[in-house]
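The values are calculated or read from the model by the stated rules, or taken from the named source; none is laboratory data. Just so you know, these numbers come straight off a predicted model, no measurement behind them. Cβ: placed from backbone, ideal geometry, glycine included. Neighbour counts: every protein chain shown.
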Amino acid sequence: MTVTALELEVSNGGVRVRIDGQPFATVATHDVAELGLAPGRSITDAQAQELSRRADVHAARAVGLRLLSGRALPVREVSRRLLRRGLPRVAVETAVADLVASGLLDDAEFARHYARTRARKRLGAGRLLSDLKRLGVEDRLAQAAVTEALEVEGVDQRELLREAAARKLKSLSGLDRDKRMRRLRAYLLRRGFASSEVRDVLRDAIPKRA
């Protein structure tokens, strides 16, 4: 097998390698140098296999970059989406590790952005934490991001809880006390407020004689 051409692909920043006149693989520019590829140079079967492996990594990285160009995503979500596209797991793991090492994929930064954005929607700390963990952000990073977001946005959780309860109660006015209690409690817990604080608010918002 002989390398017959190396063609730059502007769309993904790679280099298309032609073997015996046919397109064989597209790899990163540094792969060309590392593998010693040049027109007219013969390659072994082992080198061809390594070229294919690197092509998979380059493809995974290129797709990962496109995903991140739209919006920030956590590591686990990027990996999941790449695997869904049928890319080899080893290539996905290598590409994701490279994106992390280059700072283009950062769970801490994602968590901070996500927590601040969601805090503005008046969600409780528990909801923010559970959402971040569901997205694959580790507990330490999630906790730090939520604490920072609530401080930056000036969110008072107890005041936020009282406001949420008051708004929801308006839509429950036609129900008896027990139904109002159940539905309001479920609503507040879904929004991520602590059960102990919800209990106190329910007692104040719906007195036993109401």
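Of everything in the stretch 185-206, what is among the polar types (S, T, N, Q) and at pLDDT below 70? Give them in sequence order. The answer is SER196, and nothing else. Of everything in the stretch 69-83 that's touching a helix residue (DSSP H, G or I) at 6+ places or on another chain (Cβ under 7 Å), under 21 Å from ALA145 (Cβ atoms) and not hydroxyl-bearing (Ser, Thr, Tyr), which residue is surrounded by the most Cβ atoms within 10 Å (Cβ to Cβ)? Here the residue is VAL78. Going through (1) modelled with pLDDT of 70 or more; (2) among the basic types (Lys, Arg); (3) out of contact with any helix residue (DSSP H, G or I) (no Cβ under 7 Å at 6 or more places or on another chain) one by one, ARG209 falls short only on (1). Set side by side, the residues ALA55, ALA60, ALA25 differ, and just one is in a helix (DSSP H, G or I), touching a strand residue (DSSP E or B) at 6+ places or on another chain (Cβ under 8 Å), of a type outside the set (D, E, K, R) and within 19 Å of ARG89 (Cβ to Cβ), which is ALA55.
Criterion applied to GLU77, GLU50, GLU9, GLU93 was being acidic (Asp, Glu), touching a residue at least 12 places away in the same chain (Cβ under 8 Å) and in contact with a Gly (Cβ under 8 Å, 6 or more places away or on another chain), and the one residue passing it is GLU77. The residues listed here are GLY86, GLY103; of these, the one that is out of contact with any Leu (no Cβ under 6 Å at 6 or more places or on another chain) and over 30 Å from LEU150 (Cα atoms) is GLY86.
Do we find that ARG127 is closer than 19 Å to ARG190 by Cβ, crowded, with 17+ Cβ neighbours inside 10 Å and at pLDDT 80 or above in this structure? Yes, satisfied.
Could you list, in sequence order, all residues of the stretch 84-96 that are surrounded by 14 or more Cβ atoms within 10 Å (Cβ to Cβ), in a helix (DSSP H, G or I) and aliphatic (A, V, I, L, M)? Residues satisfying the conditions are ALA91, VAL92, ALA95, VAL96.
With respect to the stated conditions, ALA165 fails to be surrounded by 15 or more Cβ atoms within 10 Å (Cβ to Cβ) and in contact with a Gly (Cβ under 7 Å, 6 or more places away or on another chain).
Restricting attention to the stretch 28-52, the residues being over 12 Å from ALA91 (Cα atoms), among the polar types (S, T, N, Q) and not in a strand (DSSP E or B) number 4. Does ALA60 fit the bill of being surrounded by 11 or more Cβ atoms within 10 Å (Cβ to Cβ) and at pLDDT 90 or above? In short, yes.
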